[in-house]
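Peer 1: Before we start, here is the structure in question, set down as structure tokens.
The values are calculated or read from the model by the stated rules, or taken from the named source; none is laboratory data. A quick note: this is a predicted structure, and the numbers were derived from the prediction, not measured. Note that each Cβ is placed from the backbone with ideal geometry, even for glycine, and that neighbours are counted across all protein chains shown.
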């Protein structure tokens, strides 16, 4: 997801998306441990999405406009 897409969401949607991404990351890590994961870059992409979401939520909390 791009930062623009994330910024267009409201806080409730972002929190739901954050939980979904965390579940996805957990599943990817489980698949990796079991040797079933074929695309290892998905773990890194999911981590980056989580970081983007958290950053935007924090910016809103602090009142920073971008």
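Peer 1: Does the range 24-38 contain any residue that is within 17 Å of residue 14 (Cα to Cα) and modelled with pLDDT of 95 or more? Break it down into steps so the answer makes sense when it comes.
Peer 2: Of the range 24-38, the ones within 17 Å of residue 14 (Cα to Cα) are 24-25.
If we keep only those that are modelled with pLDDT of 95 or more as well, we get 24-25.
Yes, the range 24-38 has at least one match.
Peer 1: Quick one: count up the residues across the range 35-56 that are part of a loop (DSSP other than H, G, I, E, B) and either in contact (Cβ under 8 Å) with a residue 40 or more places away in the chain or loosely packed, with under 13 Cβ neighbours inside 10 Å (or both).
Peer 2: Going through the range 35-56, the residues part of a loop (DSSP other than H, G, I, E, B) turn out to be 35-40.
After this cut, where a residue has to be either in contact (Cβ under 8 Å) with a residue 40 or more places away in the chain or loosely packed, with under 13 Cβ neighbours inside 10 Å (or both) as well, the list is 35-36, 38-40.
Final tally of qualifying residues: 5.
Peer 1: Being in contact with a helix residue (DSSP H, G or I) (Cβ under 8 Å, 6 or more places away or on another chain) and free of Cβ contacts under 8 Å to residues at least 12 places away in the same chain narrows it down to one residue among 8, 32, 27; which is it? Spell out how you get there, then give the answer.
Peer 2: Numbers: 8 fails: in contact with a helix residue (DSSP H, G or I) (Cβ under 8 Å, 6 or more places away or on another chain); 27 fails: in contact with a helix residue (DSSP H, G or I) (Cβ under 8 Å, 6 or more places away or on another chain).
Only one candidate qualifies: 32.
Peer 1: For the range 57-66, which residues satisfy the criterion of being under 21 Å from residue 5 (Cβ atoms), without any contact (Cβ under 8 Å) to a residue 24 or more places away in the chain and outside any helix (DSSP H, G or I)?
Peer 2: 64, 65 - these are the residues of the range 57-66 that are under 21 Å from residue 5 (Cβ atoms), without any contact (Cβ under 8 Å) to a residue 24 or more places away in the chain and outside any helix (DSSP H, G or I).
Peer 1: Still on this structure, please answer the following. Among the residues of the range 6-34, how many are surrounded by 10 or more Cβ atoms within 10 Å (Cβ to Cβ) and within 22 Å of residue 63 (Cα to Cα)?
Peer 2: Number of matching residues: 10.
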